[in-house]
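Please treat every number below as a calculation from the coordinates, not as lab data. Keep in mind that what you see is a predicted model, and the values were worked out from it rather than measured. All Cβ positions, glycine included, derive from the backbone under ideal geometry; neighbour counts span all protein chains shown.
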Amino acid sequence: MSMHKSLVSKNKLERQRSVLTRAERLKILGEDGRWKDGDSVFGLPKVRTIVVTKVGKKTKKAKEEPTAEGAEAAPVEGGAKAAPPAKQKKK
């Protein structure tokens, strides 16, 4: 038998909120220097919420994958990744 939707575990109920409380907004604005003690708490500017994403674990394959045999990987200028080779059209 499956569990009813209303009976979810506590950790599933915790998620990123899109609206912050006034105290949370004041804290963020104070850290950015956009609000000081004594300023009005009404008409506060908007504060962007921070979305936290989970990063998956890197596999061992990606770390241990050797480059072409006998050839060293040439460094790319600017530290950017090289683009994959273009695909050729078959006629």
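Give me, ordered by chain and number, the residues 5 or more places off W35 or on other chains with an amide H under 5 Å from its own placed amide H.
G30
Packing-wise, with mean Cβ within 10 Å as the measure, how do 36-43, 22-29, 1-8 rank, highest first?
Numbers: 36-43: 7.6, 22-29: 14.0, 1-8: 6.1.
Highest mean packing first, the order is 22-29, 36-43, 1-8.
³J(HN,Hα) across the range 25-40 via Karplus (A = 6.51, B = -1.76, C = 1.60, θ = phi - 60°), whole Hz, x for Gly/Pro?
My calculation for the range 25-40 gives 5, 4, 4, 5, 5, x, 5, 7, x, 9, 8, 10, 4, x, 6, 5 Hz in order.
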